[in-house]
Each structure stands twice: as C-alpha cells, then as structure tokens.
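Data block below; observations after.
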C-alpha cells in the first residue's frame, strides 16, 4: 500500500496569507487536514509582518510534513505597489517551504479555478462551494484565504503529472490535455457523500 500524499497549498499575500494541507484518502479522494490564515497589521514593521507569515507556513510544514507545497502565483494588476507588497509575503512563504526541503510548485489563479470549478473565471462563492464538495467539508473554511489555499492544493493534486518546477511568476503548468479529468470522479464521490448525510 502506497504512502498517502500530503500537499500544502498557500494563498500568499502581505495583509493576509492562507495556508492549508490536504492528504490523499484513497480511491482518488482527498481530505483536508488543516487550514489557517494569518493577518499582518498594516502599521507593523515589514520584518515583523514577514516573520508572522513565515511562522505560519513553517509551523504547518513541521506539523504535517508535506512533500509538495503549491503556491498561487502573483496576479500583476495595474497597481504595481500592491503586487510588490504581495511578493514580499509570498517570498516569506516560499522561503519557509524551501527551508523544509519540500518541492515547490506554482499555479496561476486561472489554473486553480479551472482545476477546482471547471471555469477559469469562477467566482469566489463557486470556488468555495466546489472546494467543500471535493474535500467533503462539513462546513466552509473560516476565510476566503483558507479556501483559496485549499483550492491551490487541489489544483496540484489534479495537475501533478503536468506540473513544472517553480521558476517564479509567469511560468505555469502546461494546459490540460484531453485526459480524463480526476475532478469529475471526485465530484461524483462528493455528491454521493452529501446525499448519504442528508438521508441520515
């Protein structure tokens, strides 16, 4: 029997960073082990804010020992300052992953939404609902950042064979091919579980 696969997902940012850990549960299913987020005070010094992010990720890695850390890539909007600040927080999270020896992979927001919800332009509520079904969660995560971190971890779970090594913003996994989508099987399993809970 093969060892269960453990994946950590990170939704990076400076104001708030979300992190989550999922594990293979057999039959192609995945289960959520943990999720959390940390907010950093805007008035705090930059080193203190980065230390909080690093501590969140490093602590979770020490606890769950994920072999893979999947990180959402930066979406470069018109506000360059916001992108630079986000990059600071993202760097602290990636440093914690690198120090642990875990393999780091990155995925764009579009890839993550496509993998989880089937649409690259899916809204937050749709992503939250699909994450709940795919992981059979009894209730939604505490924050959108935790939801996005879980979605990022699931994205790697679905795209692992096509993932590319981390190389910074702009490089992402190859587009999906015509292969069977593992998300469909998980969705069917999730809906069956929901149905059983309602009948009890």
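Observations, loosely collected:
- Value of Rg to Rh for the stretch 1-63 (Rh from inverse mean 1/r over Cα pairs, i.e. Kirkwood): 1.12
- For the peptides 15-22, 131-138, the ranking by packing is 15-22, 131-138, with the highest mean count of neighbouring Cβ atoms within 10 Å listed first.
- When each of 40, 147, 31 is scored by the number of other beta-carbon atoms lying within 10 Å, the sequence from fewest to most is 31, 40, 147.
- Using the Cβ-Cβ distance between residue 160 and residue 119 with R0 set to 22 Å, the FRET efficiency from 1/(1 + (r/R0)^6) comes to roughly 0.55.
- Here the mean projected area of the convex hull built on the C-alpha positions of the stretch 35-134 is 7.3 nm².
- Where labels lie 7 Å past Cα in the beta-carbon direction, separation of residue 142 and residue 103 in nm: 3.1
- Label-point separation, residue 44 to residue 25 (7 Å along Cα→Cβ), nm: 3.3
- Distance between the stretch 83-104 and the stretch 15-67 - C-alpha centres, whole angstrom: 11
- Rg and Dmax over the alpha-carbon atoms of the stretch 40-96 stand at 12.6, 38 Å.
- Here the calculated FRET efficiency for residue 126 and residue 64, from their Cβ-Cβ distance with R0 = 30 Å, stands at 0.65, rounded to the nearest 0.05.
No value in this document is a laboratory result; all are computed from the given coordinates. Quick caveat: nothing in here was measured; it's all calculated off a predicted structure. Cβ coordinates were reconstructed from backbone atoms using ideal geometry, including for glycine residues, and neighbour counts include every protein chain displayed.
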